[in-house]
1. In whole Å, what are the Cα extents of the chain along the three principal axes, biggest one first?
2. Considering the options GLY271, LEU18, CYS52, tell which one lies farthest towards the positive end of the dipole of the chain, charges being +1 on Lys and Arg and -1 on Asp and Glu at the Cβ, about the Cα centre.
3. Residue-wise, which Karplus ³J(HN,Hα) couplings in Hz belong to segment 193-198, taking 6.51 cos²θ - 1.76 cosθ + 1.60, θ = phi - 60°, and x for glycine or proline?
4. Find the relative contact order for segment 227-293 and round it to a whole percent, using C-alpha pairs within less than 8 Å whose residues are 6+ positions apart.
5. Of the options ALA35, MET173, GLY210, report the single residue whose Cα projects farthest towards the positive end of the charge dipole of the chain (beta-carbon charges: Lys, Arg +1; Asp, Glu -1).
6. Expressed as an acute angle from 0 to 90° and rounded to the nearest 10, what is the orientation of the C-alpha long axis of helix 272-281 relative to the principal long axis of the chain?
7. Share of segment 227-293's accessible area from carbon and sulfur, percent, 1.4 Å?
8. So what's the angle, to the nearest 10 degrees on a 0 to 90 scale, between helix 137-149 and the longest Cα principal axis of the chain?
Amino acid sequence: MTNALSIKNLSKTYDTGLTALNGVDLDIRRGEILALLGPNGAGKTTLISIVCGLVNPSTGTVAVEGHDIIQDYRKARALIGLVPQELHTETFETVWDTVSYSRGLFGKKPAPQLVEQILKDLSLFEKKDSKIMALSGGMKRRVMIAKALAHEPRILFLDEPTAGVDVELRKDMWRLVKRLRDTGVTIILTTHYIEEAEEIADRVGVINRGRLLLVEDKAELMRKLGQKQLVLELQKPLEQLPEALSDYALELSDGGTRITYHYDTQATRTGIASLLAALAGAGVTVKDLDTEQRSLEDIFVSLVVEESQ
Ligand SMILES: Nc1ncnc2c1ncn2[C@@H]1O[C@H](COP(=O)(O)OP(=O)(O)OP(=O)(O)O)[C@@H](O)[C@H]1O
Ligand SMILES: [Mg+2]
(Lines give C-alpha, C1' and ligand atoms only; values in the text may rest on other atoms or scores of the structure.)
(Ligands and ions follow the chains in the order given, each with its own letter.)
Protein backbone atom coordinates (compact mmCIF):
# COMPACT_ATOMS: atom_id res chain seq x y z
CA MET A 1 0.00 0.00 0.00
CA THR A 2 1.33 3.45 -0.84
CA ASN A 3 2.11 5.72 2.06
CA ALA A 4 -0.19 8.60 2.85
CA LEU A 5 2.77 10.87 2.45
CA SER A 6 6.24 10.27 1.13
CA ILE A 7 8.78 13.05 1.52
CA LYS A 8 12.25 12.66 0.02
CA ASN A 9 15.29 14.88 0.48
CA LEU A 10 13.15 17.96 0.97
CA SER A 11 14.97 21.26 1.41
CA LYS A 12 13.91 24.87 1.32
CA THR A 13 16.11 27.93 1.17
CA TYR A 14 14.07 31.14 1.18
CA ASP A 15 15.02 34.19 -0.93
CA THR A 16 16.63 35.67 2.16
CA GLY A 17 19.22 32.87 2.01
CA LEU A 18 17.79 31.20 5.09
CA THR A 19 17.61 27.41 4.92
CA ALA A 20 14.41 26.50 6.68
CA LEU A 21 14.42 22.80 5.71
CA ASN A 22 17.45 20.67 5.12
CA GLY A 23 17.25 17.20 3.54
CA VAL A 24 14.10 15.92 5.21
CA ASP A 25 13.03 12.32 4.52
CA LEU A 26 9.76 11.20 6.01
CA ASP A 27 7.19 8.52 5.24
CA ILE A 28 3.81 8.70 6.88
CA ARG A 29 1.58 5.67 6.96
CA ARG A 30 -2.13 5.84 6.25
CA GLY A 31 -4.28 6.34 9.29
CA GLU A 32 -1.58 7.38 11.71
CA ILE A 33 -1.34 10.46 13.87
CA LEU A 34 2.09 12.03 13.65
CA ALA A 35 3.03 14.88 15.94
CA LEU A 36 5.81 17.17 14.76
CA LEU A 37 7.59 18.83 17.62
CA GLY A 38 10.10 21.60 17.30
CA PRO A 39 10.95 25.03 18.63
CA ASN A 40 9.91 28.29 16.95
CA GLY A 41 11.49 28.59 13.54
CA ALA A 42 12.33 24.87 13.29
CA GLY A 43 10.71 24.53 9.86
CA LYS A 44 7.39 22.89 10.73
CA THR A 45 5.15 25.35 8.90
CA THR A 46 7.55 25.41 5.94
CA LEU A 47 7.26 21.63 5.65
CA ILE A 48 3.47 21.74 5.79
CA SER A 49 3.31 24.66 3.35
CA ILE A 50 5.39 22.75 0.79
CA VAL A 51 3.19 19.66 1.06
CA CYS A 52 0.10 21.83 0.60
CA GLY A 53 1.57 23.58 -2.43
CA LEU A 54 1.85 27.00 -0.80
CA VAL A 55 5.63 27.14 -0.87
CA ASN A 56 7.92 25.71 -3.57
CA PRO A 57 10.62 23.32 -2.42
CA SER A 58 14.27 24.03 -3.33
CA THR A 59 15.07 20.32 -3.63
CA GLY A 60 13.28 17.05 -3.11
CA THR A 61 9.92 15.47 -3.83
CA VAL A 62 6.65 14.94 -2.03
CA ALA A 63 3.97 12.40 -2.97
CA VAL A 64 0.50 12.40 -1.43
CA GLU A 65 -0.97 8.91 -1.69
CA GLY A 66 1.35 8.43 -4.65
CA HIS A 67 0.51 11.75 -6.36
CA ASP A 68 3.45 14.09 -6.85
CA ILE A 69 2.60 17.52 -5.40
CA ILE A 70 4.02 19.34 -8.42
CA GLN A 71 3.28 17.08 -11.41
CA ASP A 72 -0.07 15.95 -10.06
CA TYR A 73 -0.94 18.99 -7.98
CA ARG A 74 -4.74 18.94 -8.19
CA LYS A 75 -5.09 15.32 -7.18
CA ALA A 76 -2.58 15.69 -4.39
CA ARG A 77 -4.14 18.88 -3.05
CA ALA A 78 -7.68 17.46 -3.09
CA LEU A 79 -6.56 14.75 -0.68
CA ILE A 80 -5.31 17.28 1.85
CA GLY A 81 -7.06 19.37 4.45
CA LEU A 82 -5.08 22.18 6.06
CA VAL A 83 -5.78 24.09 9.23
CA PRO A 84 -3.14 26.82 9.01
CA GLN A 85 -1.29 28.32 11.94
CA GLU A 86 -2.36 31.83 10.99
CA LEU A 87 -6.07 32.59 10.79
CA HIS A 88 -7.37 34.45 7.76
CA THR A 89 -11.04 34.63 8.48
CA GLU A 90 -12.22 38.22 8.52
CA THR A 91 -15.20 37.70 6.27
CA PHE A 92 -18.78 38.80 5.97
CA GLU A 93 -19.84 35.32 5.00
CA THR A 94 -21.71 33.06 7.36
CA VAL A 95 -20.17 29.99 8.93
CA TRP A 96 -22.42 27.73 6.88
CA ASP A 97 -21.59 29.38 3.55
CA THR A 98 -17.85 29.50 4.20
CA VAL A 99 -17.67 25.82 5.05
CA SER A 100 -19.92 24.79 2.13
CA TYR A 101 -17.92 26.96 -0.27
CA SER A 102 -14.68 25.28 0.81
CA ARG A 103 -16.09 21.95 -0.26
CA GLY A 104 -17.11 23.39 -3.63
CA LEU A 105 -13.57 24.62 -4.24
CA PHE A 106 -12.47 21.03 -4.59
CA GLY A 107 -15.20 20.28 -7.09
CA LYS A 108 -17.20 18.19 -4.63
CA LYS A 109 -20.98 18.12 -4.78
CA PRO A 110 -22.85 19.94 -2.00
CA ALA A 111 -23.39 17.76 1.08
CA PRO A 112 -25.50 19.66 3.63
CA GLN A 113 -25.71 16.66 5.95
CA LEU A 114 -21.95 16.35 6.08
CA VAL A 115 -21.51 20.08 6.70
CA GLU A 116 -24.11 19.88 9.46
CA GLN A 117 -22.27 16.97 11.06
CA ILE A 118 -18.92 18.75 10.92
CA LEU A 119 -20.39 21.89 12.48
CA LYS A 120 -22.01 19.82 15.23
CA ASP A 121 -18.78 17.95 15.93
CA LEU A 122 -17.05 21.27 16.45
CA SER A 123 -19.88 22.76 18.54
CA LEU A 124 -20.41 25.35 15.81
CA PHE A 125 -23.86 24.43 14.62
CA GLU A 126 -25.59 27.11 16.70
CA LYS A 127 -23.39 29.68 14.99
CA LYS A 128 -24.06 28.48 11.46
CA ASP A 129 -25.79 31.72 10.45
CA SER A 130 -23.32 34.04 12.15
CA LYS A 131 -20.87 36.05 10.12
CA ILE A 132 -17.29 34.91 10.63
CA MET A 133 -16.12 38.36 11.63
CA ALA A 134 -18.57 38.30 14.54
CA LEU A 135 -17.05 35.16 16.07
CA SER A 136 -14.50 34.90 18.85
CA GLY A 137 -10.94 33.77 18.09
CA GLY A 138 -11.55 30.21 19.30
CA MET A 139 -14.71 29.97 17.19
CA LYS A 140 -12.84 31.20 14.15
CA ARG A 141 -10.35 28.44 14.71
CA ARG A 142 -13.21 25.94 14.81
CA VAL A 143 -14.39 27.36 11.47
CA MET A 144 -10.92 26.81 10.02
CA ILE A 145 -11.07 23.19 11.09
CA ALA A 146 -14.57 22.79 9.64
CA LYS A 147 -13.36 24.30 6.35
CA ALA A 148 -10.41 21.93 6.21
CA LEU A 149 -12.74 18.95 6.69
CA ALA A 150 -15.47 20.00 4.30
CA HIS A 151 -14.03 18.24 1.24
CA GLU A 152 -13.42 15.00 3.19
CA PRO A 153 -9.62 15.01 2.99
CA ARG A 154 -7.63 11.80 3.51
CA ILE A 155 -4.78 13.67 5.13
CA LEU A 156 -5.29 16.45 7.61
CA PHE A 157 -2.63 18.95 8.64
CA LEU A 158 -3.18 20.81 11.86
CA ASP A 159 -0.53 23.50 12.32
CA GLU A 160 -0.50 24.42 16.01
CA PRO A 161 -4.21 23.75 16.33
CA THR A 162 -4.42 24.36 20.03
CA ALA A 163 -2.51 27.63 20.27
CA GLY A 164 -4.85 29.98 22.09
CA VAL A 165 -7.84 27.67 22.37
CA ASP A 166 -9.67 26.79 25.55
CA VAL A 167 -9.80 23.41 27.25
CA GLU A 168 -13.23 22.61 25.80
CA LEU A 169 -12.16 23.11 22.21
CA ARG A 170 -8.97 21.21 22.81
CA LYS A 171 -11.00 18.24 24.05
CA ASP A 172 -13.49 18.54 21.16
CA MET A 173 -10.60 18.68 18.77
CA TRP A 174 -8.79 15.63 20.07
CA ARG A 175 -12.02 13.66 20.14
CA LEU A 176 -12.60 14.61 16.52
CA VAL A 177 -9.01 13.83 15.53
CA LYS A 178 -9.25 10.36 17.04
CA ARG A 179 -12.55 9.72 15.32
CA LEU A 180 -11.12 10.86 11.98
CA ARG A 181 -8.15 8.58 12.48
CA ASP A 182 -10.54 5.70 13.09
CA THR A 183 -12.05 6.34 9.65
CA GLY A 184 -8.60 6.06 8.10
CA VAL A 185 -7.69 9.74 7.89
CA THR A 186 -3.99 10.45 8.39
CA ILE A 187 -3.27 13.34 10.72
CA ILE A 188 -0.13 15.42 11.01
CA LEU A 189 -0.11 18.02 13.70
CA THR A 190 2.44 20.41 15.08
CA THR A 191 2.30 21.47 18.64
CA HIS A 192 4.32 23.12 21.36
CA TYR A 193 2.30 21.22 23.95
CA ILE A 194 4.38 18.16 24.41
CA GLU A 195 1.84 16.53 26.71
CA GLU A 196 -0.53 16.66 23.79
CA ALA A 197 1.83 14.86 21.45
CA GLU A 198 2.35 12.37 24.21
CA GLU A 199 -1.37 11.86 24.60
CA ILE A 200 -2.55 11.78 21.03
CA ALA A 201 0.23 10.79 18.62
CA ASP A 202 1.12 7.35 17.30
CA ARG A 203 4.51 8.63 16.19
CA VAL A 204 6.50 11.66 17.10
CA GLY A 205 8.92 13.56 14.89
CA VAL A 206 11.36 16.08 16.29
CA ILE A 207 12.52 18.85 13.99
CA ASN A 208 15.09 21.53 14.73
CA ARG A 209 16.83 24.04 12.45
CA GLY A 210 15.30 22.42 9.39
CA ARG A 211 16.51 18.93 10.18
CA LEU A 212 14.35 16.03 11.20
CA LEU A 213 16.25 14.70 14.19
CA LEU A 214 14.14 11.63 14.72
CA VAL A 215 10.83 9.98 13.94
CA GLU A 216 9.88 7.25 16.30
CA ASP A 217 6.92 5.30 17.55
CA LYS A 218 5.82 7.17 20.61
CA ALA A 219 5.80 4.09 22.82
CA GLU A 220 9.19 2.99 21.49
CA LEU A 221 10.62 6.46 22.03
CA MET A 222 9.40 6.48 25.59
CA ARG A 223 10.82 3.03 26.16
CA LYS A 224 14.19 3.66 24.54
CA LEU A 225 14.89 7.02 25.98
CA GLY A 226 12.51 6.83 28.89
CA GLN A 227 14.47 6.78 32.05
CA LYS A 228 13.14 6.88 35.53
CA GLN A 229 14.36 8.80 38.48
CA LEU A 230 14.24 7.35 41.96
CA VAL A 231 14.42 9.65 44.97
CA LEU A 232 15.12 8.10 48.34
CA GLU A 233 14.66 9.90 51.62
CA LEU A 234 16.91 8.51 54.28
CA GLN A 235 16.13 7.86 57.91
CA LYS A 236 19.52 9.26 59.01
CA PRO A 237 21.76 11.65 57.06
CA LEU A 238 24.87 10.20 55.42
CA GLU A 239 28.15 12.05 55.29
CA GLN A 240 29.13 10.24 52.13
CA LEU A 241 27.90 7.41 49.99
CA PRO A 242 29.05 3.95 51.18
CA GLU A 243 31.74 2.22 49.08
CA ALA A 244 29.38 -0.69 48.45
CA LEU A 245 27.17 1.59 46.36
CA SER A 246 29.89 2.78 44.00
CA ASP A 247 28.43 0.72 41.14
CA TYR A 248 25.44 3.04 41.04
CA ALA A 249 25.59 6.64 39.85
CA LEU A 250 23.97 8.21 42.87
CA GLU A 251 23.67 11.82 43.97
CA LEU A 252 23.58 12.69 47.63
CA SER A 253 21.84 15.95 48.52
CA ASP A 254 19.83 17.85 51.12
CA GLY A 255 22.46 17.50 53.83
CA GLY A 256 22.89 13.80 53.17
CA THR A 257 19.22 12.92 53.63
CA ARG A 258 18.34 12.38 49.99
CA ILE A 259 19.69 10.06 47.32
CA THR A 260 18.72 10.52 43.66
CA TYR A 261 19.19 7.71 41.18
CA HIS A 262 18.59 7.83 37.41
CA TYR A 263 18.05 4.38 36.02
CA ASP A 264 16.97 2.57 32.91
CA THR A 265 13.75 0.65 33.40
CA GLN A 266 15.10 -2.03 31.03
CA ALA A 267 18.27 -2.78 33.01
CA THR A 268 18.05 -5.40 35.76
CA ARG A 269 21.60 -5.48 37.10
CA THR A 270 21.49 -1.81 37.98
CA GLY A 271 17.74 -1.70 38.56
CA ILE A 272 16.12 -0.44 41.73
CA ALA A 273 15.63 -3.88 43.30
CA SER A 274 19.38 -4.44 43.36
CA LEU A 275 20.02 -0.89 44.60
CA LEU A 276 17.57 -1.28 47.48
CA ALA A 277 19.21 -4.58 48.44
CA ALA A 278 22.66 -2.94 48.31
CA LEU A 279 21.43 -0.07 50.50
CA ALA A 280 20.03 -2.47 53.08
CA GLY A 281 23.34 -4.39 52.95
CA ALA A 282 25.22 -1.15 53.65
CA GLY A 283 22.98 -0.42 56.63
CA VAL A 284 21.22 2.56 55.06
CA THR A 285 17.56 2.80 56.08
CA VAL A 286 15.13 4.37 53.64
CA LYS A 287 12.25 6.43 55.05
CA ASP A 288 10.39 7.12 51.83
CA LEU A 289 10.82 6.83 48.11
CA ASP A 290 9.39 8.27 44.96
CA THR A 291 9.89 7.51 41.27
CA GLU A 292 9.36 9.74 38.28
CA GLN A 293 9.15 8.77 34.60
CA ARG A 294 11.14 10.87 32.19
CA SER A 295 8.69 12.64 29.95
CA LEU A 296 8.72 13.27 26.25
CA GLU A 297 9.47 16.86 27.19
CA ASP A 298 12.80 15.92 28.80
CA ILE A 299 13.64 13.83 25.75
CA PHE A 300 12.76 16.65 23.41
CA VAL A 301 14.73 19.24 25.36
CA SER A 302 17.81 17.03 25.62
CA LEU A 303 17.76 16.29 21.87
CA VAL A 304 17.44 19.92 20.90
CA VAL A 305 20.06 21.05 23.42
CA GLU A 306 22.48 18.31 22.36
CA GLU A 307 22.14 19.35 18.75
CA SER A 308 22.78 23.02 19.38
CA GLN A 309 25.98 22.36 21.35
N1 LIG B 1 8.40 33.46 3.58
C2 LIG B 1 9.55 33.38 4.24
N3 LIG B 1 10.63 34.05 3.84
C4 LIG B 1 11.81 33.97 4.49
N5 LIG B 1 12.01 33.19 5.59
C6 LIG B 1 10.96 32.51 6.04
C7 LIG B 1 9.68 32.55 5.41
N8 LIG B 1 8.82 31.74 6.10
C9 LIG B 1 9.55 31.24 7.11
N10 LIG B 1 10.81 31.69 7.09
C11 LIG B 1 11.90 31.31 8.02
O12 LIG B 1 12.06 29.92 7.97
C13 LIG B 1 12.33 29.40 9.27
C14 LIG B 1 11.32 28.31 9.59
O15 LIG B 1 10.05 28.91 9.75
P16 LIG B 1 8.73 28.07 9.99
O17 LIG B 1 7.59 28.99 9.96
O18 LIG B 1 8.73 26.91 9.08
O19 LIG B 1 9.00 27.54 11.50
P20 LIG B 1 8.04 26.77 12.51
O21 LIG B 1 8.75 25.55 12.92
O22 LIG B 1 6.69 26.64 11.92
O23 LIG B 1 8.00 27.78 13.75
P24 LIG B 1 6.80 28.15 14.78
O25 LIG B 1 6.84 27.10 15.84
O26 LIG B 1 7.22 29.47 15.30
O27 LIG B 1 5.52 28.19 14.02
C28 LIG B 1 12.30 30.58 10.22
O29 LIG B 1 13.61 30.98 10.45
C30 LIG B 1 11.53 31.63 9.45
O31 LIG B 1 11.95 32.91 9.81
MG1 LIG C 1 4.86 27.29 12.42
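1. Taking the Cα atoms of the chain, the three principal extents are 77, 45, 39 Å.
2. Farthest towards the positive pole: CYS52.
3. These are the phi-based 3J(HN,Hα) values: 8, 5, 4, 5, 4, 4 Hz.
4. Working: 106 pairs, mean separation 32.9, N = 67.
For segment 227-293, the relative contact order is 49 percent.
5. With unit charges placed on the Cβ atoms, the residue in question is MET173.
6. That helix lies at roughly 20 degrees to the long axis.
7. On the way: 1890 of 4240 Å².
Solvent-exposed carbon and sulfur of segment 227-293 make up 45 percent of the total.
8. Orientation of helix 137-149: about 70 degrees from the principal axis.
The values are calculated or read from the model by the stated rules, or taken from the named source; none is laboratory data. Everything numeric here is computed off the predicted structure, so don't read it as measured data. Heads up, the Cβs are rebuilt from the backbone with ideal geometry, glycines too, and the neighbour counts pull from every protein chain shown. In case anyone asks, the SASA skips ligands and DNA or RNA and just uses the protein heavy atoms, side chains included. Shrake-Rupley method; radii C 1.70, N 1.55, O 1.52, S 1.80 Å.
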